[in-house]
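Participant: Okay, here's the structure, questions in a sec.
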Amino acid sequence: MTPNIFTSFLNETGDIARFAGRFFKEAFKPRYEFAEFLRQCFFIGYKSLPLVAITAFIMGLVITIQSRPTLVEFGAEAWLPKMVSVSLVREIAPVITALICAGKIGSGIGAELGSMKVTEQIDAMEVSGTNPFKFLVATRIMAATLTIPILVVLADAVSLYGGYLGANIRGVVSWDLYWNQVFDTLAFSDVIPSIIKTFFFGFAIGTIGCYKGYNSNKGTEGVGLSANSAVVISSLLVFILDLLAVQIIDLLSLT
Amino acid sequence: MITKTEIAEPEVQFTNEPVIKLSNVSKSFGTNKVLKDFDFVLNKGENVVVLGKSGSGKSVLIKCIIGLIKPDSGKINVLGKNIPELRNEELDKIRAKVGFLFQSNALYDSMSVRENLEFPLRRHKAKMVKTQIDELVVEALTNVGLAHTIDMRTSELSGGMKKRIALARTLILKPEIILYDEPTTGLDPITGKEISKLMRELAKTYHTSSIIISHDLNCVKIVADSIVMLIDGKCYAQGKYEELERSTDKKIQEFFL
């Protein structure tokens, strides 16, 4: 009997949950793969810096340029830095950065682990006395969980700078005035929840990329499928987690 | 054409001391029974080739022996330990004494040749100092005739070179047993013959016992002390190459046509 879509969805959700559970079970027991963790932080975090920075800069610039006419219409042009800073820090920078990372990191991990799986490199690692789950999976999930929030902080800063340039294309806002307005507007309740949710984004991206790659099959075709589905599922998860985070922040009256 | 002198003669007298003993090993994947109460013994110093059709369970057999696949039932005794019952730490100790050459070589793409060879050493012998590791890496590469490739990336190597490097990585821990999964598949006949001769030489140098999964009769002639025919999940026949080649049994003849 062919399993229907709903059953396979539930099966896969269960498998992903078990996979995430295995991460918590194995990641914090010795032997710690610290060198590999640092290597992954370099690849996942440092190597994503230029892409995240450029995207954040453009987003800041574009959001400011697009918002200006509406605010001018209501005579609220002076509120531009306030509005832009809240929308960038609370929502746009974390979500766009997470989506960029889902594309770059999720697909990279999915394809790398998938190709290691089909070429028996994961088996070879196990035969060499290495727990491949700890060495390949735990290090990547931890690196994604810890570096994506750092990338988001960077994206916040760069996008706000983009916003400053955007505000000065049609108008004149001094450097001091812009940043005073930004920091007067932003409170810890804007910054902290938006950074906390990015740990969950990072965990989801790392876990899905690793799950898809580690369980890859069907040869080279499977590698492509792993990379593709890692991006699709982790991007979708970013939105679902964002929706949940907004609800929780609202319930806790942090807005 | 393989000459008579290239056909394996037992240079190393193997003893009746079993290093691997399988008793009633069964393994199924869904409804497909791959191994059915399979019995097998590998003695110290012996090189046994397992012949069987594609999908007959040859690779499953050696993956069960190294603990990558768990059998449904039966005992797999390797160097005195029953593999399915071992905890991970105990299994790692056995794996340090059993080399495995993968069909696809399984060299790590992200590492250089040196790092590929260092990897099992750093894992199994964590206390070894760098100079010792360097010496062993150079020795293993010299034994396969590829000392000059030490700082190359694996992507820069030809198929035959990759196979030799994989062989060097398998040998670097000086294993007592080596499991070869289709060692000459994907190689041209000349390189395949070179690899087969190298396997034979290295078995003498390192005093290893080995199980070789192969379809390549040229390789089988060179490396086998004896051959096990794996048919319908069972050990159908066992004997020397010449004996099996002369057999009138149709199922055996199919392999030598």
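A short reminder: the numbers here are calculations on the coordinates, not readings from a lab. What you see is a predicted model; the values in this text were computed from it and never measured. Cβ sites come from the backbone with ideal geometry, for glycine too, and all protein chains shown count toward neighbours.
Participant: Would you kindly state how much longer the chain becomes between residue A:246 and residue A:184 on full extension, computed as 0.36 nm times their sequence separation minus their alpha carbon distance, in nm to one decimal?
Facilitator: Extra length from residue A:246 to residue A:184 when fully extended: 20.1 nm.
Participant: Now for a different question. Okay, which of segment B:216-234 sit inside 12 Å, backbone N to the point 7 Å along the Cα-Cβ direction of residue B:247?
Facilitator: Residues B:227-232, B:234 qualify, since their backbone N sits under 12 Å from the label point.
Participant: Do the alpha carbons of any pairs in B:21/B:93; B:21/B:250; B:70/B:234; A:47/A:134 sit beyond 20 Å of each other, and which pairs?
Facilitator: Exceeds cut-off: B:21/B:250; A:47/A:134.
Participant: Same structure, new question: Looking only at other chains, what is the average number of their beta-carbon atoms within 10 angstrom of each beta-carbon in B:101-108?
Facilitator: Mean partner shielding for this stretch: 5.
Participant: If you don't mind, there's one more thing I want to ask. Near residue B:130, which lysines are there with a Cα under 19 Å away, not counting those fewer than 8 places off in the same chain?
Facilitator: By straight Cα distance, residue B:130 reaches B:174.
Participant: Also, I was wondering about something else. Taking 0.36 nm per intervening residue step and subtracting the Cα-Cα distance, what contour gain separates residue A:10 from residue A:86 on full extension?
Facilitator: 23.6 nm
Participant: Which of the chymotrypsin sites (Phe, Trp or Tyr not before Pro) found in segment B:194-257 are loop residues per DSSP with 12 or fewer other Cβ atoms within 10 Å of their Cβ?
Facilitator: Passing both the DSSP loop test and the Cβ count: no residue.
Participant: Out of all DSSP beta bridges with both ends in the protein assembly as shown, state the antiparallel percent to the nearest 5.
Facilitator: Roughly 55 percent of the DSSP beta bridges within the protein assembly as shown come out antiparallel.
Participant: In segment A:16-45, what chymotrypsin sites (Phe, Trp or Tyr not before Pro) fall in a loop by DSSP, with at most 15 other Cβ atoms inside 10 Å?
Facilitator: Answer in residue order: A:28, A:32.
Participant: So if I restrict to the alpha-carbon atoms in chain B, what is the Rg, and what is Dmax, the biggest pairwise distance, in Å?
Facilitator: Spelled out, the Cα radius of gyration and Dmax of chain B are 18.0, 57 Å.
Participant: Just tell me which aspartates and glutamates come within less than 17 Å, Cα to Cα, of residue A:212; anything on the same chain fewer than 8 places away is out.
Facilitator: Straight-line reach from residue A:212, under 17 Å: A:12, A:15, A:112, A:120, A:123, A:221.
Participant: Describe numerically, in nm with one decimal, the distance between label points set 7 Å from Cα along Cα→Cβ at residue B:31 and at residue B:79.
Facilitator: Here the answer is 4.2 nm between the modelled labels.
Participant: Here is a further query. Residue A:34 versus residue B:218, label points 7 Å from Cα toward the beta carbon: distance in nm?
Facilitator: 5.2 nm
Participant: Please name whichever of B:145, A:89, A:215 sits farthest to the positive end of the charge dipole of the protein assembly as shown, dipole taken about the Cα centre and charges placed at Cβ: Lys and Arg +1, Asp and Glu -1.
Facilitator: Toward the positive end, the furthest listed residue is B:145.
Participant: Now for a different question. Which of the lysines could be linked to residue A:82 by a straight reach, that is with a Cα gap under 27 Å, when you skip same-chain ones fewer than 8 residues away?
Facilitator: Reachable lysines: A:197.
Participant: Ok, one more. Under 1.5 on a/c is rounded, so check that first for segment A:92-138, then, if it is not, pick prolate when a/b is larger than b/c and oblate when it is not; a ≥ b ≥ c are the square roots of the alpha carbon gyration tensor eigenvalues.
Facilitator: Oblate shape, in that a/c is at least 1.5 and b/c is the bigger or equal ratio.
Participant: Hey, got a sec? Which trypsin sites (Lys or Arg not before Pro) in segment B:99-172 land in a DSSP loop and have at most 16 other Cβ atoms within 10 Å?
Facilitator: Filter output for segment B:99-172: B:125, B:127.
Participant: Next question. With each label point set 7 Å from Cα along the Cα-Cβ vector, what nm distance links residue B:111 and residue B:72?
Facilitator: 3.6 nm
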